[in-house]
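K.L.:
Quick one: structure below, then a few questions.
The values are calculated or read from the model by the stated rules, or taken from the named source; none is laboratory data. As the structure is a prediction and not an experimental result, all values here were calculated from the model. Ideal geometry is used to build each Cβ from the backbone, glycine not excepted, and the neighbour counts take in all protein chains shown. Protein only, heavy atoms only, side chains kept; ligands, DNA and RNA dropped before computing areas. Shrake-Rupley method; radii C 1.70, N 1.55, O 1.52, S 1.80 Å.
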Number of protein chains: 2
Amino acid sequence: MSDAIDLAEKLASFSEQWAPRTVAEFNGHDVMVARIEGEYHWHAHPDTDDFFLVLKGEIDIELRDRTVHLSEGQMFVIPRDVEHRPVARGEAHILLIEPTGTPNTGDPDTAAPRQVI
Amino acid sequence: MSDAIDLAEKLASFSEQWAPRTVAEFNGHDVMVARIEGEYHWHAHPDTDDFFLVLKGEIDIELRDRTVHLSEGQMFVIPRDVEHRPVARGEAHILLIEPTGTPNTGDPDTAAPRQVI
């Protein structure tokens, strides 16, 4: 069993963007931190909701019918199968939770490899 | 579908301690915020891991063999069935994730009622 997990410390250990790092496991899910900046692509996860909490900076989660703006300390759950596109105008740090093995792009062929830190 | 969920704003809307409020649902889990202060009692959850993230203040999660100290921005997952006792010397604010319906005390007879805000 691991000890306290310091999210800022984990984020300081890498600089790559759009490459989530798994910092803990929880009920079959990966708890991940990521640095994101710029526009991602539209995607959906057919089998899982998508948990986002902003730890630093701010992001937009674009949905087909509206945009959800998230600042530090704000969170949002994208229901399964709902198309979305995360956008960060400057670098933002986020906490993500998804079932272990969920492709971050929505497509196993293009997903970032799982990296546990 | 709800909008951005501001965790500090949710916490400011109530003052009761040891009474988690559900702020979102995620893959069959409740995402909750809680104010805690003082010593809880020893308990375990036989069917689920227990996710803790400290949003403000600091807490100890006492385990039978050691204590995990968590400050703001630090998290810990207590594996299912592991006995633990949260302790907060001053009031702390935490984010909790547990399957919907999990008794916070480990015992349905003494659990705080589910409150969605």
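K.L.:
If the requirement is being out of contact with any strand residue (DSSP E or B) (no Cβ under 7 Å at 6 or more places or on another chain) and within 14 Å of chain B (Cβ to nearest Cβ), which of these qualifies: A:12, A:4, A:24? Quick ask: steps written out before the conclusion?
P.N.:
Working: A:4 fails: out of contact with any strand residue (DSSP E or B) (no Cβ under 7 Å at 6 or more places or on another chain); A:24 fails: out of contact with any strand residue (DSSP E or B) (no Cβ under 7 Å at 6 or more places or on another chain).
When all the criteria are applied, what remains is A:12.
K.L.:
Something else now. For region B:27-42, enumerate the residues that are more than 14 Å from chain A (Cβ to nearest Cβ) and closer than 30 Å to residue A:79 by Cβ.
P.N.:
First pass over region B:27-42, keeping only residues more than 14 Å from chain A (Cβ to nearest Cβ): B:34-42.
Answer for region B:27-42, where residues must be more than 14 Å from chain A (Cβ to nearest Cβ) and closer than 30 Å to residue A:79 by Cβ: B:34, B:35, B:36.
K.L.:
Working only within region A:94-111, note down all residues that are in contact with a strand residue (DSSP E or B) (Cβ under 9 Å, 6 or more places away or on another chain) and open to solvent by 20 Å² or more (accessible area, probe 1.4 Å). Before the answer, list the steps.
P.N.:
Here is the first cut: in region A:94-111, the ones in contact with a strand residue (DSSP E or B) (Cβ under 9 Å, 6 or more places away or on another chain) are A:94-107.
Correct list: A:99, A:100, A:101, A:102, A:103, A:104, A:106, A:107.
K.L.:
Let me ask something additional. Tell me yes or no: at least one residue of region A:46-57 is away from chain B (no Cβ under 11 Å), under 22 Å from residue B:29 (Cβ atoms) and in contact (Cβ under 8 Å) with a residue 12 or more places away in the chain.
P.N.:
Quick first cut of region A:46-57, residues away from chain B (no Cβ under 11 Å) only: A:46, A:57.
Now drop any that are not under 22 Å from residue B:29 (Cβ atoms), which leaves A:46.
Adding the requirement that they be in contact (Cβ under 8 Å) with a residue 12 or more places away in the chain leaves A:46.
Yes: region A:46-57 contains one or more residues that are away from chain B (no Cβ under 11 Å), under 22 Å from residue B:29 (Cβ atoms) and in contact (Cβ under 8 Å) with a residue 12 or more places away in the chain.
K.L.:
Next question, about the same structure. Can we say residue A:45 is in contact with a strand residue (DSSP E or B) (Cβ under 9 Å, 6 or more places away or on another chain), exposed (fewer than 15 other Cβ atoms within 10 Å of the Cβ) and at pLDDT below 95?
P.N.:
Values: in contact with a strand residue (DSSP E or B) (Cβ under 9 Å, 6 or more places away or on another chain): yes; exposed (fewer than 15 other Cβ atoms within 10 Å of the Cβ): no; at pLDDT below 95: yes.
Taking the combined requirement at face value, the residue does not satisfy it.
K.L.:
Further, regarding this structure: For residue B:71, all conditions in the list (1) open to solvent by 30 Å² or more (accessible area, probe 1.4 Å); (2) under 13 Å from the mean Cα position of the chain (by Cα); (3) of a type outside the set (A, V, I, L, M, F, W, C) hold save one; what is the number of the exception?
P.N.:
(2)
K.L.:
Any idea which of (1) assigned to a strand (DSSP E or B); (2) touching a Ser or Thr at 6+ places or on another chain (Cβ under 6 Å); (3) surrounded by fewer than 16 Cβ atoms within 10 Å (Cβ to Cβ) is the one residue A:80 doesn't satisfy?
P.N.:
Of the numbered conditions (1) assigned to a strand (DSSP E or B); (2) touching a Ser or Thr at 6+ places or on another chain (Cβ under 6 Å); (3) surrounded by fewer than 16 Cβ atoms within 10 Å (Cβ to Cβ), the odd one out for residue A:80 is (1).
K.L.:
Hey, another quick one. Conditions: (1) farther than 18 Å from residue B:24 by Cβ; (2) touching a residue at least 60 places away in the same chain (Cβ under 8 Å); (3) under 13 Å from the mean Cα position of the chain (by Cα). Residue A:35 meets all but one. Number of the miss?
P.N.:
Failing condition for residue A:35: (2).
K.L.:
In contact (Cβ under 8 Å) with a residue 60 or more places away in the chain and on the phi < 0 side of the Ramachandran plot - does that describe any residue in region B:79-88? Show your work before the answer.
P.N.:
Here is the first cut: in region B:79-88, the residues in contact (Cβ under 8 Å) with a residue 60 or more places away in the chain are none.
No: region B:79-88 contains no residue that is in contact (Cβ under 8 Å) with a residue 60 or more places away in the chain and on the phi < 0 side of the Ramachandran plot.
K.L.:
Next up: For region B:103-114, which residues satisfy the criterion of being closer than 15 Å to residue B:23 by Cα and either of a type in the set (Phe, Trp, Tyr) or free of Cβ contacts under 8 Å to residues at least 60 places away in the same chain (or both)?
P.N.:
Restricting attention to region B:103-114, the residues satisfying the condition of being closer than 15 Å to residue B:23 by Cα are B:113-114.
Result: B:113, single match.
K.L.:
Look at region A:60-117 and say how many of its residues are within 11 Å of chain B (Cβ to nearest Cβ) and either of a type in the set (D, E, K, R) or touching a Cys at 6+ places or on another chain (Cβ under 8 Å) (or both).
P.N.:
Of the residues in region A:60-117, 6 are within 11 Å of chain B (Cβ to nearest Cβ) and either of a type in the set (D, E, K, R) or touching a Cys at 6+ places or on another chain (Cβ under 8 Å) (or both).
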